[in-house]
Each structure stands twice: as structure tokens, then as C-alpha cells.
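Reading through the C-alpha cells given below for one structure.
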Amino acid sequence: MSEQLGIDWIRCDAHGLCAELFPERISLDEWGYPIIDGAEIASELRAHAGRAVAQCPVLALRLVGRAG
Amino acid sequence: MTAATRPDATTLPRLLGGMGTEVDLRPLERHLAHHGDLPIVVDPGRPDQALLDEVRASGLGGRGGAMFPASRKVDAVLSQRGRPVVVINGAEGEPPSRKDHVLMRGAPHLIIDGAVVCAALVGAREATIALEQSARREHRALEEALRERAAWGHDDGIDIHLETVPDGFVVGEERSLIDALNGGPGKPTHAPPRPFEKGLGGAPTHVQNAETAAQLALIARHGAGWFRSLGTDQEPGSALVTLSGAVARPGVYEIPIGASLHDLLVAAGGLAAPVQAYLIGGYIGTWISAREAEGLVLSNAALRPLGASLGARAIVALPETACGVAETARVAGYMADQSAGQCGPCVLGLDAIAGGMERIAHGDGSQLADIQRWLGLVAGRGECRHPDGAAKLVASALTVFEDEIARHVHARKCTGDGTSVLPIPRDSRTGRRA
């Protein structure tokens, strides 16, 4: 089971914190909404991903399991 | 008991059979004389396995647009704990589509039969048929049909309710529909949970589109083999199409999936004027040039290589006298207005795209490259597929109407005579900033 970042688009308010905390996989579009690089998150990046998820002020960012 | 003769499997119409200007199937007597009795009994709490096998064998795909296998929706509901309920989705918010309305108005008993079949499949005790507020005639037809069944002592074995939901494009999306029925604003909710997990009143909910329900009512009567004798192997059965634009007789037609566009046009009395392009799949569909549409086959398999799909099968023939750029700009504006307003990329992206298209329609091509980028930024970045659909439509317009765009931008000319072909509901905001 690997993990991937997912966004609850209804919650997301373009605070942009996630891109600051996890620039390896998250950038922002011109309106400030996250653009996720869907590549698998290697174990050494797992902590960064977890921090971005935890710090999202509206809890819109999730780590979701993916089979395989 | 009424025993109608089993209709010839390869004869159309099926769903629209018995409906016409003079004869209609609103009276229960006529409905039963035409279609025969529904040979199933709902046993609440006990899903009808034999019926489900038949539905699975039929290969029926959801006729709301996604063509998702009807039997898999049943499987999903049956995988859940709790007492399931049924919702029939009669909300047809797509302006160029009228097929569900025509069916509900002309053959309300077939829709109700479909609700009964949907209940039997999951062992539900109740079914709700949902219609948008403005569908007053359809509401009346279904209400009268329910009254008539009660007066005849025709026991369906379940409770059937009619419910009204707000008008709008996204209300027809099943999570929005459930949200509206649950007293919410009728907007997509974050998934999971999906309606099969937690739907109407929190119950596992078996949702099927109105036309799909009617198809199920016929499969329950005539079987999978009968159903599959029309259509293609991958996409079996017949389907309703709403044809409008430059055709002699616009309206709702029933075709075998895999029929040619040409045959459909012939059935509609031919073209009323020379046509430059066809919109296939409504406002979340794709423009296809008249040249590319020669020999076009109406199945998802045939449309896929063109980047198109049947969707809810709204087809519009755009006459040469109309401007594809202006038409697309208007629809893009409408689709932006119809965003549920919940997801940033949809709200901001569709608005930007619509504004850019409006500029092009007025001869200003400065945002053409931006539009291309925005199209990439809205697809797949919302809770529902509304932005994806709108983006697909605009993207196809940029290709199909490339010459017309160049004419607007470089020569400040428009080949259109100002005719508007694509319908936009009156209450929608118009006249966007340009």
C-alpha cells in the first residue's frame, strides 16, 4: 500500500501552506490552489507530506492509501 | 392480468413505444395494454437475485450519461449494511436535453415500474422519484399516474414518493441530488461517502437515471436477450437522444446504440439548413465538424477516438449561419454560472475561460494562450466533473472552430448572422464581462 495526496476541493481555500511545507510535490496554480504531483511519496518524503497534511488550516489535504 | 404480446426484439421504439401526438401511455390501461404487466414482486429486505442476474446479463449502462453498469450500482448498494432506498433521478438540468422529461411526461407508468424494479433489485421498501422544480408537467403526469395506480388497487409493494429539487445544471449529479433531497442546497458533497454508502436519509441508496429505470422496467418484462438484440455488443440496447438545431423535426428519438448519425438525421426529416458542426453530448460534450461527422457512429466506442462520448445524448446541429465561437462563449458563460461555487479551480477557472472566450467572440484573442492553460487547470480539480465537462467542450471548440477564431481575432469578422442555437435558460445570468 503506497500513499498519495488527495484534496477535498470543497474545503480547500487556497491558503497555500501545503506548497510551502511540501514543495517537492505541491505547487500552486495562479489562483493559489494546490497542484499535486501524483507520484508516489517515497519514505524519506513521508514526514514532509505528513506535516503539510497536519498544517492545512481547513484540513483539506489528505494522505490516501492506494493499492499496489 | 394484461398480457401484451412480447414486442419484436429488433423493433423500435421501445421506450417511446405507444407514445405519440394522439396516443400516449399516461392512462394505466394503455400502459399495460402496450407493455404488459410487470412480472416481479418486491420483497422488502430480500433483493431479487434472479432479476439482478438478468440485469447483469443485459449489460445495461446508466443512461444519465456515464454508462456505468446498472448492475454494479446494485452490487454496490448490496455490499452495504442497512435498509436500502431507491432514488430515481429525473432532474435533467442540461438545457439541450429533454429525453427524461419527454419520457416522464409520456410514459409515467414506465418510470414508476422502473422505480419498482430498482426497489426489487435491492429489496427496498421505498422509492423516491426526484424532479426539478420547473418540471411541472412531468410532476403532474407522475402524480396522476401514482393516483391512478392507487385508484386501480394496483399494489406495487413499495411506497413511492415524488420529490422536487431546485433547478440547475449540477443538481442532476447524483451526490447533488441526494444533497437536495436531504434538505441541502443541492451541491456535490465530498466523496466518500457516496450515495450507495450513505445517501437519502443516510441509507444506502440505489440511484438510477429516469431513462435507465424505464429500460430496467422493460428488461424485467422481456429479459436480457431481448434487450441485447439492439445496440452493440459493448453498449447494448436502445437509448434516447435529444436532437435539436438545424434539423427538420427536432425532438427526442430512440436509437439503437451504434446507429449512424445519418440515420438519426433521416428520422428527424433531414437537415433544415447546411450544418457546420455537431455538438455531441450536450454542454459537457464535444464539437465535431460536419466533415468529421460524415459516417459518424453513435456509440462511445466509435466516439472515443474523436475524444467524444455520447453523454446524455443531447445532439445539436449547428447551422452554417451560426457562429461556433459565440455559441461556445455563451455556453462557457452558462457553465461558469452553473458552477456549484464550492471548488476554487472550477469557480475561478471556468469564469476565466468564459471571459476569455467572450473576448475572442468580440475579436480580442489576447487570452487564447491563457485559455489553453486554464483548460488544463480545471480538469480533474473539482469535487464533481462539471469543470471537466465544460473544459472539454471549450477545448473542442478551439480546434473545430479554429478558422472562425482566426477570423474573429485577425479580421474582426464573424460568419454568424447573430442566430443563437444553443439554449440557455432564461433565469441564468447573461452578458458576461468581456
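The values are calculated or read from the model by the stated rules, or taken from the named source; none is laboratory data. It should be emphasised that the depicted structure is a prediction, and the values quoted were computed from it without experimental measurement. No Cβ is skipped: glycine too gets one built from the backbone with ideal geometry, and neighbour counts run over all protein chains shown.
Just a few scattered comments:
- Failed item in (1) within 14 Å of chain B (Cβ to nearest Cβ); (2) buried (at least 16 other Cβ atoms within 10 Å of the Cβ); (3) free of Cβ contacts under 8 Å to residues at least 60 places away in the same chain; (4) not small (Gly, Ala, Ser), with residue A:41 passing the rest: (1)
- Taken across region B:96-112, residues that are in the same structural domain as residue B:179 (by TED's automatic domain parsing), in contact with a Pro (Cβ under 7 Å, 6 or more places away or on another chain), buried (at least 20 other Cβ atoms within 10 Å of the Cβ) and within 27 Å of residue B:242 (Cβ to Cβ) do occur, with at least one present.
- Within region B:329-349, considering residues that are in contact with a helix residue (DSSP H, G or I) (Cβ under 6 Å, 6 or more places away or on another chain), within 12 Å of chain A (Cβ to nearest Cβ) and in a helix (DSSP H, G or I), the one surrounded by the most Cβ atoms within 10 Å (Cβ to Cβ): B:349
Every residue, every condition in (1) more than 14 Å from chain A (Cβ to nearest Cβ); (2) under 19 Å from residue B:95 (Cβ atoms); (3) outside any helix (DSSP H, G or I), yes or no:
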position	(1), (2), (3)
B:327	yes, yes, no
B:355	no, no, no
B:358	yes, yes, no
B:364	yes, no, yes
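- Given (1) closer than 26 Å to residue B:243 by Cα; (2) without any contact (Cβ under 8 Å) to a residue 12 or more places away in the chain; (3) acidic (Asp, Glu), index of the condition residue B:53 fails: (1)
- Of all residues making up region A:8-32, the number that are within 8 Å of chain B (Cβ to nearest Cβ) and of a type in the set (A, V, I, L, M): 2
- Looking across region B:127-159, just one residue is surrounded by fewer than 19 Cβ atoms within 10 Å (Cβ to Cβ), among the acidic types (Asp, Glu) and in a loop (DSSP other than H, G, I, E, B), and that is B:155.
- Qualifying residues in region B:374-420 (those that are β-branched (Val, Ile, Thr) and surrounded by 21 or more Cβ atoms within 10 Å (Cβ to Cβ)) - the one nearest to the other protein chains (Cβ to nearest Cβ): B:378
- Per the listing B:124, B:115, B:76, B:120, the residue uniquely more than 22 Å from the chain's Cα centre (by Cα), part of a helix (DSSP H, G or I) and either among the aliphatic types (A, V, I, L, M) or not assigned by TED's automatic domain parsing to the domain that holds residue B:179 (or both) is B:120.
- Residue count, region B:270-328 (criterion: within 21 Å of residue B:379 (Cβ to Cβ) and polar (S, T, N, Q)): 4
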